[in-house]
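*Asks:* Okay, handing you the structure first.
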Amino acid sequence: MTMSIELLTRERMGDVGKCDGAFTVDSKLVLSARDNVVSYEVVPVAPYEKRYAKQEIDYGRYVGAEDRAVYLAYIDGVVAGEMRLWVHWNGFAYIDDIVVDRGYRRRGVGRALIEQAVGWAKAKGLAGVMLETQDNNVGACRLYEACGFVIGGFDRKLYRGIPGVRDEVAVYWYREG
C-alpha cells in the first residue's frame, strides 16, 4: 500500500468530492464542563447511518491560495480522503472538512491528513489547528484525540434550526503548536 497526500491542483480537480463519508452512528459523546475543563463519556445509541449533505464548494478558490488549501489522500493512486482548511480569524488553521472514504478507514489516512494540516499551520506560523464535529461522530472524535487534540468547548444549540440534526451537539477540537 502506497499513500500520498497531495495539494489540490487544477489537474486534480476531478478527484474532489469522490469519498463516501457515510458512517454508522452507534454511540455519542455526553459532554460536560466543570472548572473550565470539558470531559465526556461515550454512551451507546440505537444504530443508524449518517451522511453529511453535499456542499457546493468553489474548489478553484483553493488552488494556489496562500490562506486556504485542499489536500487529497491517495492510496495506490485512488482517492481515499480529502481535507479542506484555511487560516481562521483566531490565528488557527481551521479544518472545515475532513473525510476518509468508507473503504479506506483505519489505514492511517485521517491521521496523515491531520498531520498535513499541522505542518501547514506550522509553516504559516499559526497557533495550531482546530475543527468542529458532532457528538455522534465518535470515531472521528477518537481520531482527533489520538492525534493530540483536546476539546476546547461544545455548543448544544448550533444545529437546533436544522431539521434532522437539531439534537446534535457541536464539539470544538484544538491542537496547539
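*Asks:* Rounded if a/c is under 1.5, else prolate if a/b beats b/c, else oblate: with a ≥ b ≥ c from the C-alpha gyration tensor eigenvalues square-rooted, which is the stretch 71-129? Working shown, then result.
*Replies:* Working: a/c = 2.78, a/b = 2.33, b/c = 1.19.
Verdict is prolate for the stretch 71-129.
*Asks:* If r is the Cβ-Cβ distance from Tyr48 to Ala146 and R0 is 25 Å, what FRET efficiency results, to the nearest 0.05? Could you put the intermediate results ahead of the total?
*Replies:* Numbers: r = 25 Å, r/R0 = 0.98.
The calculated FRET efficiency here is 0.55.
*Asks:* In debye to the nearest 20, how big a dipole does the chain give about its Cα centre with +1 on each Lys and Arg Cβ and -1 on each Asp and Glu Cβ? Let's see the in-between values first.
*Replies:* Numbers: 24 positive and 25 negative charges, 24 e Å.
Approximately 120 debye in magnitude.
*Asks:* Summarise the accessible area of the chain (1.4 Å probe, protein heavy atoms) by the percent that is carbon and sulfur. Can you show the working numbers first?
*Replies:* Working: 4800 of 9760 Å².
The nonpolar share, carbon plus sulfur, comes to 49 percent.
*Asks:* Another question about this same structure. So if we plug the beta-carbon distance of Arg107 and Ser32 into 1/(1 + (r/R0)^6) with R0 = 30 Å, what FRET efficiency do we get, rounded to 0.05? Walk me through the intermediate numbers first.
*Replies:* Numbers: r = 33 Å, r/R0 = 1.11.
Working from the Cβ atoms, E equals 0.35.
*Asks:* So what does Arg12 come to for accessible area, using a 1.4 Å probe and Å² rounded to 10?
*Replies:* 70 Å²
*Asks:* Defining a contact as two alpha carbons under 8 Å apart and six or more residues distant in sequence, what relative contact order in percent does the chain show?
*Replies:* On the way: 335 pairs, mean separation 36.2, N = 177.
Across the chain, relative contact order equals 20 percent.
*Asks:* If you work out semi-axes √(5λ) of the Cα gyration tensor in Å from the coordinates, which of [x] 31, 18, 16; [y] 34, 18, 12; [z] 26, 20, 16 do you get?
*Replies:* [z]
*Asks:* Please work out whether the stretch 92-159 counts as rounded, prolate or oblate from its C-alpha gyration tensor, where a ≥ b ≥ c are the square roots of the eigenvalues and a/c under 1.5 means rounded, while otherwise a/b larger than b/c means prolate and anything else oblate? Intermediate results must be reported in sequence, preceding the final value.
*Replies:* Values: a/c = 1.91, a/b = 1.05, b/c = 1.82.
The shape class here is oblate.
*Asks:* Let me make sure I get this right: for the stretch 19-113, a, b and c are the square roots of the gyration tensor eigenvalues over alpha carbons, sorted descending. Under 1.5 in a/c it's rounded, otherwise prolate if a/b > b/c, else oblate. Which is it? Intermediate values should be presented prior to the final figure.
*Replies:* Details: a/c = 2.12, a/b = 1.27, b/c = 1.67.
Judged from the Cα gyration tensor, the stretch 19-113 comes out oblate (a/c at least 1.5, b/c at or above a/b).
*Asks:* Rounded to the nearest 0.05, what FRET efficiency is calculated for Lys18 and Asp167 with R0 set to 25 Å and r the Cβ-Cβ distance? Could you put the intermediate results ahead of the total?
*Replies:* Values: r = 30 Å, r/R0 = 1.20.
The formula returns an efficiency of 0.25 here.
*Asks:* With a 1.4 Å probe and all protein chains left in place, how much accessible area per residue does the stretch 128-177 have, in Å²?
*Replies:* Details: 2360 Å² over 50 residues.
That works out to 47 Å² per residue.
*Asks:* Hey, which of these cross-link pairs are over 22 Å Cα-Cα: Lys50/Lys122; Lys28/Lys50; Lys54/Lys124; Lys18/Lys122? Can you show the working numbers first?
*Replies:* Numbers: Lys50/Lys122 33 Å; Lys28/Lys50 13 Å; Lys54/Lys124 29 Å; Lys18/Lys122 28 Å.
Exceeds cut-off: Lys50/Lys122; Lys54/Lys124; Lys18/Lys122.
*Asks:* Kindly provide the helix-only [θ] at 222 nm of the chain, computed as the sum of -39,500 (n - 2.57) over DSSP H runs of four or more divided by all residues, to the nearest 500 deg cm²/dmol? Kindly include the intermediate steps, with their values, before the conclusion.
*Replies:* Working: 2 runs with 24 residues, N = 177.
Calculated mean residue ellipticity at 222 nm is -4000 deg cm²/dmol.
*Asks:* Can you compute 3J(HN,Hα) from phi for each residue in the stretch 70-80, using the Karplus curve 6.51 cos²θ - 1.76 cosθ + 1.60 with θ = phi - 60°, rounded to whole Hz and x for Gly and Pro?
*Replies:* 10, 10, 10, 9, 10, 10, 6, x, 9, 5, 10
The values are calculated or read from the model by the stated rules, or taken from the named source; none is laboratory data. None of these values were measured; they are calculated from a predicted model. No Cβ is skipped: glycine too gets one built from the backbone with ideal geometry, and neighbour counts run over all protein chains shown. For accessibility, only protein heavy atoms count, side chains too; no ligands or nucleic acids. Shrake-Rupley method; radii C 1.70, N 1.55, O 1.52, S 1.80 Å.
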